[in-house]
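The structure appears below as structure tokens.
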Amino acid sequence: MDTISLSTDSRLDVPTHASPAAPPPAGDALIEARDLTRIWGSGDAAQVGVRNVDLSIGRGELIAVVGPSGSGKSTFGALVAGIDRPTSGSLVVDGERIDRMSTDRLAGWRGEHVGVVFQDFHLLPTLTAVENIELAIELGLPGASRRVRRRAAHDALASVGLSAHARKLPAQMSGGEQQRVGVARALVTRPRLIVADEPTGALDQASGHIVFDLLVDAARHGTTVVFITHDVTLAASADKVVTMLDGTIETVAARTSAPSPASNPTTTPTTTPTATSVTTPAATSVMAS
């Protein structure tokens with residue numbers, strides 16, 4: 001993988017989107033969820049986010065999580081990103097039991113190892129595009145100098161085609177441009193994991209495909225991407241499609257061919273995913289996803 005070297009810290013080498021990385025070794029899981037459950041309240045008032053979820057996600061895999069509203073897909077994404085904590089079960093990410101971490105340690109781990117892309121962008125309105133990305137570097141890699149942060153942020157913007165927007169405020173950009181800044185922010189510290197929660201939900205089709213292709217490219221370079229979506233067309237290009245219902249996993253459909261770029265409307269998947277049913281206890285009440 002070609003990179004632009006910025007410092008002795010390779011975490012701030014920004015990919016130039018050249019040749020794809022080799023596929024991850026078989027069985028090399030980044031995420032291992034076992035009996036993962038998240039419940040708020042108790043008794044008749046209990047609200048179930050996810051229940052008894054068992055799932056392995058490999059390094060460098062692009063995983064689409066689909067399901068109706070309230071199925072638990074956003075709750076699952078928040079758990080693997082370290083934004084929320086499970087009520088029970090185990091969650092291992094890159095060899096660490098994040099469900100056992102203290103609040104402070106989990107926050108530090110999340111800043112260093114996870115990039116999050118939100119549906120509503122979550123850019124700070126008073127900061128320019130480049131400053132929003134610099135802030136992510138400062139929080140995730142606090143040892144980086146200001147010069148290194150600024151150069152890395154500019155290179156991250158260039159990698160998503162937005163060099164000319166570096167000094168623009170979010171209000172001066174379109175929704176698609178803001179989301180591309182959000183992707184650059186998620187990628188800039190070279191995280192092992194990206195969790196994208198409905199990142200194309202507020203975008204037009206063309207902008208959504210551009211954002212999705214950036215996530216596909218990140219996976220090809222070795223980053224694990226968990227992509228939560230209602231868009232079945234985009235989901236069909238993922239390595240695996242995880243379908244959730246009532247807080248449980250209904251099926252896991254694995255692909256055997258490489259994902260196709262979403263921006264090419266004439267490209268269709270060459271392999272139909274094969275679904276495997278997963279039997280889990282039904283949830284009685286579900287938090288909206």
*Using packing as a proxy for protection, rank 106-119, 213-226 so that the peptide with the highest average count of other Cβ atoms within 10 Å comes first.*
213-226, 106-119
*Report the Stokes-Einstein translational diffusion coefficient (µm² s⁻¹, integer) for the stretch 29-86, Rh taken as the Kirkwood radius over Cα pairs, at 37 °C with viscosity 0.692 mPa s.*
268 µm²/s
*Tell me the label-point distance for the pair Gln205, Ser88, using the 7 Å Cα-to-Cβ offset, in nm and rounded to one decimal.*
4.6 nm
*Quick one: order Ser71, Ser207, Ser90, Ser102 by neighbouring beta-carbon count within 10 Å, fewest to most.*
Ser102, Ser90, Ser207, Ser71
*Could you bin all the Cα-Cα distances of the stretch 62-140 into 10 Å bins starting at 0 and give me the percent of pairs in each, rounded to whole numbers?*
15, 42, 33, 10, 0
*What is the mean projected area of the alpha carbon convex hull for the stretch 30-277, to one decimal in square nanometres?*
13.7 nm²
*Go through the stretch 65-76 residue by residue and turn each phi into a ³J(HN,Hα) via Karplus (6.51, -1.76, 1.60, θ = phi - 60°); whole Hz please, and just put x for glycine and proline.*
10, 10, x, x, 4, x, 7, x, 5, 6, 4, 4
*Which FRET efficiency value, to the nearest 0.05, do you get for Ser163 and Leu127 by plugging their Cβ-Cβ distance into 1/(1 + (r/R0)^6) with R0 = 25 Å?*
0.90
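No lab work stands behind these numbers, since they all come straight from the coordinates. These numbers were taken from a predicted model, which means no experiment stands behind them. Glycine also receives a Cβ, built like all others from the backbone with ideal geometry; neighbour counts cover every protein chain displayed.
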